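Colleague: There's a structure below that I have some questions on.
The values are calculated or read from the model by the stated rules, or taken from the named source; none is laboratory data. Just so we're clear, the structure is a prediction, and the values are computed from it rather than from any experiment. As a convention, Cβ positions derive from the backbone with ideal geometry for all residues, glycine included, and neighbour counts pool all protein chains shown. Just so you know, the surface numbers come from the protein's heavy atoms only, side chains and all, with ligands and any DNA or RNA stripped out. Shrake-Rupley method; radii C 1.70, N 1.55, O 1.52, S 1.80 Å.
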Amino acid sequence: MNLFLRAKHWQVFLVTFGIPFVLQMTLVVTIVYNIIQNHDPSLILGYLKFLPFVVILCSGGLYFWQWSVAIGLQKKIPGGVNMKVTQFKIFFFIPMVYLVLFSVFISSMFNSDILHGGQPNLQIFYLFPIIFPLHLFSMFCLFYCIYFVAKTIKTVELQREVIFSDFVAEFFLVWFHFIGVWILQPRINKMMEENTTDSAEL
């Protein structure tokens, strides 16, 4: 956890956005190149089996950063402030599990049979009434996690109970993390340095 909290902004940017972006672009270029070379658009279906791994690699860094900030800074929250950490932990893991399961679901829709002239498994579409509300709930969980991370940062900075209007800027910075990390991470580094300084004085 401290690894993320003490990392420089450019390091966090690379892990949460830079490297995942390069991986995604590499995969897209590879798929397009093979389609052009072989004149067969159906080749894209063969790459869907890698979708769960791509999702984990591309979202893992961001999730770990959010977890590190939300949980790692709890020790600096002033007494008397209730941050509902247990609720955050529950909402944090729900979209992670959903993302992996949804990726497996998409991959299974286009199983190996379709690559040999077969048809996709249409029975799986009957699960849509279940998947759609789960998708909406996972989106809610994601936004709650953004809300919690932003609130944690501002609470530690101000050392008091905060309301949404106090940390609305931080909320959007966490949401658009590829920009926000350049602003938020130095502030997080400062919080950790202050913690080190206080310990040294004691």
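Colleague: Between ILE56 and ASP166, what is the label-to-label distance in nm when each label sits 7 Å out along the Cα-to-Cβ direction?
Modeller: Taking the two extended label points, one gets 3.9 nm.
Colleague: Which of the residue pairs LYS84/LYS190; LYS8/LYS89; LYS89/LYS151; LYS76/LYS190 have a Cα-Cα distance greater than 18 Å in the structure shown?
Modeller: Those over the limit are LYS84/LYS190; LYS8/LYS89.
Colleague: Go through PHE132, PHE13 and list them by solvent-accessible area, largest first, probe radius 1.4 Å.
Modeller: PHE132, PHE13
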